[in-house]
């Protein structure tokens with residue numbers, strides 16, 4: 001189920017231990033994601049699905065992000081029918097730090113340019 005938050009969730013307090021991002025993670029997401037971006041609301045695990053604006057191709061974003069040293073899972077990887085072209089999957093099992101924040105900010109800027 002997707003919620004109406006406009007972006008990625010990140011844990012500013014450090015490593016997530018229970019697999020569910022705390023509600024405060026929406027605050028950072030709102031600052032970096034373009035309008036039309038929605039996220040899943042995980043109840044466990046360490047991945048977050050992000051629905052990007054329809055004009056954003058996740059494979060194109062993947063290659064642009066990879067050139068900057070940022071890895072994402074393009075939605076195409078998770079479909080046998082070439083679906084989810086404007087979805088990405090993010091892993092949030094890492095501790096929050098300045099490098100993570102900078103990478104997400106860069107990713108948000110890339111998405112905004114493609115949208």
query: How far apart, in nm, are two points set 7 Å out from the Cα along the Cα-to-Cβ line at residue 60 and at residue 115?
result: 1.5 nm
- line: For region 58-115, inverting the pair-averaged 1/r of distinct alpha-carbon atoms gives a Kirkwood value in Å of 11.9 Å
field: Förster radius 41 Å - calculated FRET efficiency between residue 102 and residue 78 (Cβ-Cβ, nearest 0.05)
entry: 0.95
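Each value in this text was obtained by applying a stated rule to the coordinates, not by laboratory testing. Keep in mind the model is a prediction, meaning the values are calculated, not measured. Please note: Cβ atoms are built from the backbone with ideal geometry, for glycine as well, and neighbour counts cover all protein chains shown.
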